[in-house]
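Peer 1: Structure incoming, see below.
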Amino acid sequence: MEEFRYIPKSELFKCSVDLPGARKFFVWDGVPDGLPLKEAPALDVSASFEVSSRMERMVYPVSLEDVPQKAVEIIPEEGTLTQVISVRVSPSLVFGRVRIVCQKPGNYAVVLCSHTTGQERFSTREIVEVSVSGGARLDLVAMQNENSLSAHKSDFRLKIEEDSSLKMNIITLHAGNVSNRIHSLLSGKKAECWLNGLYLEDGEQIIDTDVTLVHNAPECLSRQLFKGILSGHSRSRFTGEVVVSPAGQKTEAYQANNNLLVSDDARASSDPHLVIYADDVKCSHGSTAGSVGDQELFYMRSRGISESEARILQQQAFAAAVLEQVSREELRERLSCLVERRLRGENTVCAACGRGCC
Amino acid sequence: MENLLEIKNLHARIGDKEILKGINLTIKPGEVHTIMGRNGSGKSTLSAILAGNSNYTVTQGSITYQGRDLLKMSPEERSWAGIFLGFQYPVEIPGVTNVNFMRTAVNEHRKQKGLPPLSAAEYLKLMREKMAYVEMDPSFSSRGVNVGFSGGEKKRNEVFQMAMLSPLLAILDETDSGLDVDALRIVANGVNRLKTKDNAFVVITHYQRLLDYIVPDVVHVLYKGRIVKTAGKELAAEVEAHGYDEFE
Ligand SMILES: Nc1ncnc2c1ncn2[C@@H]1O[C@H](COP(=O)(O)OP(=O)(O)OP(=O)(O)O)[C@@H](O)[C@H]1O
Ligand SMILES: [Mg+2]
């Protein structure tokens, strides 16, 4: 592959996690370095269906913003990890668009790393389109690690067709103000969508997660697990809607949002809900917000584990449920290590490089 | 010989309820003490205070451990100094594996002694050896701490942790409750293997049968927050035969 051997001109791209054998793409303020932007129509993730009992035609989503005509197009290779390193240099990116397409049977893996190049205020607005079809199984990790002045608004539009599967993990290590809007459509029989999120917040950070997931075909599976660890004055807002259309017989859908409030001033709000128009389905949803248990803490301290170490153990345990969902071992270990360092209040800069990407 | 622990006129309460009303107790290295007493008499309260549980307020008296003021030490400092409490109700910690939990504990202890942390291989070797003390299956190590453990398995896990930390003063709060006869013998043998001339044990129990395996030097009866009688091993049999009415 051309881009695999491609060596970027800028020093700024030097920072990369050493993921052996990964194919690397470099994106500079939304424009691929060394490759052209591709013109492509917007991915259609809308669904509309009749609900006979209500004599009504339902449309999801109600409206979608237009997307730029051109996109950074990523066609992953079977069995190889693809890493997209996206660098922000100018303070404002109005609209970036990344398009990931997997159409053939096999296992695919993509990691998206977005990072800023300095401590000034960056504002990013981007769309990530993911289309999985033809029996493909894609593992996608989106890493978000930016400075506390940054504002990042992402729209993930996901379409999973017959017999295909997408597992997406969004790991927000650090950021200022993040909004992750996810719209996912299961459009063919036996499609699967796993959405996992882990967000670590402190200071004045705000993270919004807004998921709409539509089952519009029979025998599909969706599982969502979003977990947050909040300290300082940080805020998290989660809204999640799972829609099962009349075509979605034998649907299995689970959604959960759990938050660990580490400080008294952190706040989490959570609103998961289900809208079901089919009768033969298994669905559940729930949310919890808890704090670190005093009894557990005392038990650990009585074994000589200092209070700060005990809190980190508990937080790591809480995060583990999401990190375990990352299927590629090298990536999972890398992420667990970054999460641990972040929980310890160390910089999440990897040892190999001088900057805070993933 | 110098005292390991000296409790003088200890009064303590939880909320505004006074539970301990003047405890006096002296323990020397190499001794095994047994405390018996009715439900609610304050045995677990005394244990919790020794381990540093801040839910209880000490209103009077003092505790000296190895010449130090114990009440000024945090729970972790007490552990580093050699105090171990086997909990009557061991706590479940979902998501933290037994192996991570104990490795962190062992390495924190080593750090205090100026020793480097154990490597994964060294730790596993030590762990296997100590698990064998209590005939615990190594598969427990990858499970969440006490999560889904049966009552008896939790108690074995307490003795395993004790073996890992080799304490100088171990307080076992009803470690025998809920154990079947075989487990009782295994746990008692585990305790006996750890016994040296330098460390001491406080064994809290309701049953004389444990004392067939772990032979105490003294037996105390705790009644309504006070130690009302101290005698030799025969006191346990007496209590079991006649109950606590005579102390009214
Ligand atoms: N949080 C609490 N609030 C009020 N009272 C409490 C609290 N914790 C303990 N107590 C009371 O303190 C008294 C002593 O309790 P403790 O657990 O020390 O008894 P014990 O001797 O260990 O009993 P057992 O043999 O049943 O284990 C009891 O009457 C108990 O109800
Ligand atoms: Mg008790």
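Peer 1: Condition (residue is buried (at least 20 other Cβ atoms within 10 Å of the Cβ), more than 9 Å from ligand 1 (Cβ to nearest atom) and either free of Cβ contacts under 8 Å to residues at least 12 places away in the same chain or within 14 Å of chain A (Cβ to nearest Cβ) (or both)) applied to region B:7-24: is it met by at least one residue?
Peer 2: no
Peer 1: Has region B:118-130 got any residue that is away from chain A (no Cβ under 14 Å), under 19 Å from A:ALA310 (Cβ atoms) and buried (at least 17 other Cβ atoms within 10 Å of the Cβ)?
Peer 2: Among the residues of region B:118-130, at least one is away from chain A (no Cβ under 14 Å), under 19 Å from A:ALA310 (Cβ atoms) and buried (at least 17 other Cβ atoms within 10 Å of the Cβ), which makes the answer yes.
Peer 1: Return the residues of region A:177-206 that are modelled with pLDDT of 95 or more and part of a loop (DSSP other than H, G, I, E, B); say none if nothing qualifies.
Peer 2: A:SER187, A:GLY188, A:LYS189, A:LYS190, A:ALA191
Peer 1: What's the total number of residues in region B:173-187 that are away from ligand 1 (no atom under 16 Å from the Cβ) and either under 10 Å from the mean Cα position of the chain (by Cα) or surrounded by fewer than 23 Cβ atoms within 10 Å (Cβ to Cβ) (or both)?
Peer 2: 7
Table: residues versus (1) over 15 Å from the mean Cα position of the chain (by Cα); (2) in a strand (DSSP E or B); (3) at pLDDT 85 or above.
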position: A:LEU43; (1), (2), (3): yes, no, yes
position: A:VAL87; (1), (2), (3): yes, yes, no
position: A:GLY134; (1), (2), (3): yes, no, yes
position: A:ASP139; (1), (2), (3): no, yes, yes
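Peer 1: I'd like to check something: does region B:92-110 contain any residue that is within 10 Å of another protein chain (Cβ to nearest Cβ), surrounded by 17 or more Cβ atoms within 10 Å (Cβ to Cβ) and in a loop (DSSP other than H, G, I, E, B)?
Peer 2: yes
For (1) away from ligand 1 (no atom under 16 Å from the Cβ); (2) part of a helix (DSSP H, G or I); (3) under 14 Å from the mean Cα position of the chain (by Cα), each residue gets a yes or a no:
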{"position": "B:VAL147", "(1), (2), (3)": "yes, no, no"}
{"position": "B:LYS154", "(1), (2), (3)": "no, yes, yes"}
{"position": "B:GLU158", "(1), (2), (3)": "no, yes, yes"}
{"position": "B:GLN161", "(1), (2), (3)": "yes, yes, yes"}
{"position": "B:ILE171", "(1), (2), (3)": "no, no, yes"}
{"position": "B:ASP198", "(1), (2), (3)": "yes, no, no"}
{"position": "B:LEU210", "(1), (2), (3)": "no, yes, no"}
{"position": "B:VAL215", "(1), (2), (3)": "yes, no, no"}
{"position": "B:VAL239", "(1), (2), (3)": "no, yes, no"}
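Peer 1: Looking at (1) assigned to a helix (DSSP H, G or I); (2) away from chain A (no Cβ under 14 Å); (3) in contact with a helix residue (DSSP H, G or I) (Cβ under 9 Å, 6 or more places away or on another chain), which is the one condition that is false for B:GLU135?
Peer 2: Of the numbered conditions (1) assigned to a helix (DSSP H, G or I); (2) away from chain A (no Cβ under 14 Å); (3) in contact with a helix residue (DSSP H, G or I) (Cβ under 9 Å, 6 or more places away or on another chain), the odd one out for B:GLU135 is (1).
Peer 1: Moving on. Select, from A:GLY248, A:GLY228, A:GLY197, A:GLY286, the only residue that is more than 14 Å from chain B (Cβ to nearest Cβ) and over 20 Å from A:ALA321 (Cβ atoms).
Peer 2: Working: A:GLY228 fails: over 20 Å from A:ALA321 (Cβ atoms); A:GLY197 fails: over 20 Å from A:ALA321 (Cβ atoms); A:GLY286 fails: over 20 Å from A:ALA321 (Cβ atoms).
The match here is A:GLY248.
Peer 1: Within region B:140-158, is there a residue that is closer than 21 Å to B:TYR89 by Cα, surrounded by 15 or more Cβ atoms within 10 Å (Cβ to Cβ), within 16 Å of ligand 2 (Cβ to nearest atom) and among the hydroxyl-bearing types (Ser, Thr, Tyr)?
Peer 2: Looking for residues that are closer than 21 Å to B:TYR89 by Cα, surrounded by 15 or more Cβ atoms within 10 Å (Cβ to Cβ), within 16 Å of ligand 2 (Cβ to nearest atom) and among the hydroxyl-bearing types (Ser, Thr, Tyr), one finds none in region B:140-158, hence no.
Peer 1: Give me the pairs, please: first residue somewhere in region B:37-51 and more than 10 Å from chain A (Cβ to nearest Cβ), second residue anywhere and within 6 Å of ligand 1 (Cβ to nearest atom) and in a helix (DSSP H, G or I), beta-carbon distance under 9 Å, and either six or more positions apart or on two chains.
Peer 2: B:GLY37/B:LYS43
Peer 1: Among the numbered criteria (1) at pLDDT below 90; (2) within 16 Å of ligand 2 (Cβ to nearest atom), which single criterion is violated by B:ASP182?
Peer 2: Going through the list (1) at pLDDT below 90; (2) within 16 Å of ligand 2 (Cβ to nearest atom), B:ASP182 breaks only (2).
Peer 1: Inspect all residues belonging to region B:85-99 and state whether any of them is touching a residue at least 60 places away in the same chain (Cβ under 8 Å), within 16 Å of ligand 2 (Cβ to nearest atom) and aliphatic (A, V, I, L, M).
Peer 2: yes
Peer 1: What's the number of the condition A:GLU192 fails, among (1) surrounded by fewer than 21 Cβ atoms within 10 Å (Cβ to Cβ); (2) touching a helix residue (DSSP H, G or I) at 6+ places or on another chain (Cβ under 7 Å)?
Peer 2: (2)
Peer 1: Any residue at all in region A:314-331 that is touching a helix residue (DSSP H, G or I) at 6+ places or on another chain (Cβ under 6 Å) and farther than 30 Å from B:SER79 by Cα?
Peer 2: The answer is yes; a qualifying residue exists.
Peer 1: Are any of the residues in region B:31-43 farther than 30 Å from B:ARG143 by Cβ, among the charged types (D, E, K, R), more than 16 Å from ligand 2 (Cβ to nearest atom) and assigned to a loop (DSSP other than H, G, I, E, B)?
Peer 2: Within region B:31-43 (the criterion being farther than 30 Å from B:ARG143 by Cβ, among the charged types (D, E, K, R), more than 16 Å from ligand 2 (Cβ to nearest atom) and assigned to a loop (DSSP other than H, G, I, E, B)), the answer is yes, since at least one residue qualifies.
Peer 1: I've got another one for you. Restricting region B:45-57 to residues that are outside any loop (DSSP other than H, G, I, E, B) and within 11 Å of B:ILE14 (Cβ to Cβ), which is farthest from ligand 1 (Cβ to nearest atom)?
Peer 2: At the first step, the residues of region B:45-57 found to be outside any loop (DSSP other than H, G, I, E, B) are B:45-51, B:57.
Retained after the next criterion (residues that are within 11 Å of B:ILE14 (Cβ to Cβ)): B:45, B:48-49, B:57.
Details: B:THR45: 3, B:ALA48: 7, B:ILE49: 9, B:THR57: 12 Å.
Here the answer is B:THR57.
Peer 1: A further question on this structure: Of (1) assigned to a loop (DSSP other than H, G, I, E, B); (2) within 11 Å of chain A (Cβ to nearest Cβ); (3) more than 20 Å from A:SER308 (Cβ to Cβ), B:GLN88 satisfies all except one. Which?
Peer 2: The one condition B:GLN88 does not meet is (2).
Peer 1: Another question, then. Taking B:THR64 and the conditions (1) in contact with an Asp or Glu (Cβ under 6 Å, 6 or more places away or on another chain); (2) not in a strand (DSSP E or B), which numbered condition does it fall short on, given that it satisfies the others?
Peer 2: (2)
Peer 1: Filter region A:289-310 down to residues that are surrounded by fewer than 19 Cβ atoms within 10 Å (Cβ to Cβ), over 15 Å from B:ILE93 (Cβ atoms) and within 11 Å of chain B (Cβ to nearest Cβ), then give me how many there are.
Peer 2: So the count comes out to 1.
The values are calculated or read from the model by the stated rules, or taken from the named source; none is laboratory data. It should be emphasised that the depicted structure is a prediction, and the values quoted were computed from it without experimental measurement. Heads up, the Cβs are rebuilt from the backbone with ideal geometry, glycines too, and the neighbour counts pull from every protein chain shown.
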